[in-house]
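What follows is a short report on a single structure.
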Amino acid sequence: MAGHPGVRGLVIKEGLLWERSRKGRIGVSLPEQDVPRAELADELVGEKPALPELSEVDVIRHYTRLSTWNFGVDTGTYPLGSCTMKYNPKINEHLAGLPGFANLHPMTPESHAQGALKLMYELERDLLEITKLHAVSLQPAAGAQGELTGMLMIHAYHAHKGRQRGKVIMPSTAHGTNPASAALCGYAPVPVRISPDGIITPEAIREVMDEDTAGIMITNPNTLGIFESNIAEITKIIHEKGGLVYGDGANLNALMGYADIEKMGIDVLHVNVHKTLSTPHGGGGPGAGPVVVRDILEPFLPIPRIVKEGDRYKLVSDAPLSIGRLHSFYGNFATLARALAYTRTLGKRLKDVTELAVLNANYVKARLKGVYNLPFPQPSMHECVFNDAIQHKGGVTTLDIAKRLIDLGYHPPTVYFPLVVDGALMIEPTESESKADLDGFVEAMIAIAEEAVTDPGAVKDAPRNTRVSRPDEVRAARHLILRGEIPG
Ligand SMILES: *Cc1c(COP(=O)(O)O)cnc(C)c1O
């Protein structure tokens, strides 16, 4: 196990700031007071807040140490499938943090926010160019909210046509959030099975599509990382029966510059600009899930819309068929700023992002084939899905493999998803990993597969190099302890 980035050492014991507190210790040193002291009225002073007393170095060390307990895209390879945990250049952070952007008050009038509105308008143009669709809204604050926005628009479209429908087709390879978004609009999901090739077939869709079905939600590439090559035929079947097509475009780093979303027959698509265009996903962090639509859905887009008149930008809310606002303010502005920095840095080279994402996934897939079981050997796009069928015979499971990777210094892949694969290990290397880093990851995976045969106990005991080994994950999620006890 030598040669992997995970080693132990300098893992420092860290208590609470309260435990480090010493009476009278302070973090500032001010010059001696040379003016008479003014006494404040008692009612202005009140109780002293209960805060720990610390020096600056106490505080800096505490938080810096805590930051090393976590793993991030800036620490190492993070192949968490479906999340696109790629490295994002720091210039994007810098630009999003410029004081004119970062300090802009949400209530600033349009006349004083022209630069921010221009930035958003320009990002909208870029998203239209990338997807080849007709109109766009940047409002949704995340991918899942983008899905909800799209489904609310499909719902509003059918209502406007005078006949609401009751169901939405949901392939088993759709992302997990898709059925939830349809259900929130009152639609019952209609499951469809995939073929042995891992994709949806026109026959399966023809069987279930009817005039009470509002449409279909398609994740393309699907959660197996496979391109839905029947998509044009499938969307035609949906349209012929008056339905609409929702495209989950969270995985745009597999398509940018190569695929024409309009030709696929998609009516509304959400884009995870966090993931594809800078800003790492994960941890429920900041996001943005713009929706891009074909012309027939434009009247239903959320308000306000950003409109350019001459060289001025305006927010326009006059749209009688709009589904309304999704939230009060563009709180996700910094994510949008990073996305524009990303598209403008790369320009036409956004195509390279797609090429490298797909190349990297296929490289990892080719190297691990045979070492791990590959339930769907078809060519994949930006991610690939293995499972633990080979290792399971010796008692080692997907969870054990994931935990052992932590010891070797790699973030685990997504595990037990997609649900169509038992014990799935969903690997998305992303476009930002070099061949050397991919080789390191692959060799760690191979070493674990060997260990699963020679010393399965070692894999089952992992991780051993971390501060905490295997927490009770269900209990940790259900019984959050968000504060320490304050010593009296
Ligand atoms: C990440 C993802 C989503 C959800 O996006 P969030 O920003 O996490 O809400 C939806 N679909 C797919 C395919 C995704 O990868």
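Tell me, what is the per residue accessible area of the chain in Å², probe radius 1.4 Å? All intermediate terms of the calculation are to be shown ahead of the outcome.
Details: 24420 Å² over 488 residues.
Value returned for the chain: 50 Å² of accessible area per residue.
Quick check on the chain: helices-only [θ] at 222 nm, where DSSP H runs of length 4 and up contribute -39,500 (n - 2.57) each and the sum goes over total residues. Nearest 500, please. Provide the component values of the computation, followed by the final result.
On the way: 19 runs with 179 residues, N = 488.
Per the formula, -10500 deg cm²/dmol.
Ignoring ligands, DNA and RNA, please state the percent of accessible area on the stretch 92-348 from carbon and sulfur, probe 1.4 Å.
Details: 5730 of 10250 Å².
About 56 percent, which is the carbon plus sulfur part of the accessible surface.
So what are the three principal axis dimensions of the stretch 366-488 from its Cα atoms, in whole Å, longest to shortest?
Computed over the stretch 366-488, the largest-to-smallest principal extents equal 61, 34, 31 Å.
When the Cα centres of the stretch 400-476 and the stretch 77-121 are compared, how far apart do they sit, in Å?
33 Å
Report for the chain the percent antiparallel among DSSP-assigned beta bridges with both residues inside it, nearest 5.
Details: 20 of 38 bridges.
So the antiparallel bridges in the chain amount to around 55 percent.
Find the all-direction average of the projected area of the Cα convex hull for the stretch 397-462, expressing the result in square nanometres with one decimal place.
Working: hull surface 18.2 nm².
Seen from a random direction, the Cα hull of the stretch 397-462 projects 4.5 nm² on average.
Which one, ILE296, ALA204, ASN220, is farthest towards the positive end of the dipole of the stretch 92-348 when Lys and Arg carry +1 and Asp and Glu -1 on their Cβ?
The residue sitting farthest along the positive end of the dipole is ILE296.
How about the stretch 41-95: which GluC sites (Glu not before Pro) there are in a DSSP loop, with at most 16 other Cβ atoms within 10 Å of their Cβ?
Details: sites: GLU43, GLU47, GLU53, GLU56, GLU93; in loops: GLU47, GLU53.
Here the sparse-neighbourhood loop sites are GLU47, GLU53.
Want the number for ILE60 to LEU104: 0.36 nm per residue separation, take away the alpha-carbon distance, what's left? Kindly include the intermediate steps, with their values, before the conclusion.
Details: separation 44, 0.36 × 44 = 15.84 nm, distance 2.82 nm.
Going from the current span to full extension adds 13.0 nm.
Mind checking the dipole of the chain: about its Cα centre, +1 per Lys or Arg Cβ, -1 per Asp or Glu Cβ, Debye to the nearest 20?
It works out to roughly 160 debye.
Rank these residues by their accessible area, most exposed first, probe 1.4 Å: ASP461, ASP407, ASP42.
On the way: ASP461 95, ASP407 5, ASP42 130 Å².
Per-residue accessible area, sorted high to low, gives ASP42, ASP461, ASP407.
Cross-link partners among lysines for LYS393, C-alpha distance below 30 Å, same-chain residues fewer than 8 apart left out?
Within reach: LYS365, LYS369, LYS403, LYS460.
Per residue, how big is the convex hull around the C-alpha atoms of the stretch 1-124? Give it to me in cubic angstrom, could you?
Numbers: hull volume 35.6 nm³, N = 124.
Here the figure is 287 Å³ per residue.
What lysines could a cross-link reach from LYS263, if we take a straight Cα to Cα line under 20 Å and drop same-chain neighbours fewer than 8 places away?
Cross-link targets: LYS132, LYS236, LYS241, LYS351.
In bins 10 Å wide, starting from 0, what share of all Cα pairs of the stretch 92-348 does each bin hold, as a percent?
Going out from 0 Å in 10 Å bins, the stretch 92-348 shows 7, 32, 35, 19, 6, 1 percent.
Cut-off under 17 Å on the C-alpha distance; same-chain residues fewer than 8 positions from LYS161 excluded. Which aspartates and glutamates are left, in chain and number order?
ASP210, GLU211, ASP212, GLU240, ASP267, ASP295, GLU298
Do me a favour and compute the ellipsoid semi-axes for the chain from its Cα gyration tensor, root of five times each eigenvalue, largest one first, whole Å.
41, 35, 21
Over all distinct alpha-carbon pairs, what is the Kirkwood Rh of the stretch 175-223 in angstrom? Let's see the in-between values first.
On the way: mean 1/r = 0.0841 Å⁻¹.
For the stretch 175-223, inverting the mean 1/r across all distinct Cα pairs yields 11.9 Å.
The values are calculated or read from the model by the stated rules, or taken from the named source; none is laboratory data. Treat the numbers as computed from the prediction; the structure is a model and nothing was measured. Neighbour counts are summed over all protein chains in view; Cβ atoms, including those assigned to glycine, are modelled from backbone coordinates with ideal geometry. All accessible areas refer to the heavy atoms of the entire protein, side chains included, with ligands and DNA or RNA removed. Shrake-Rupley method; radii C 1.70, N 1.55, O 1.52, S 1.80 Å.
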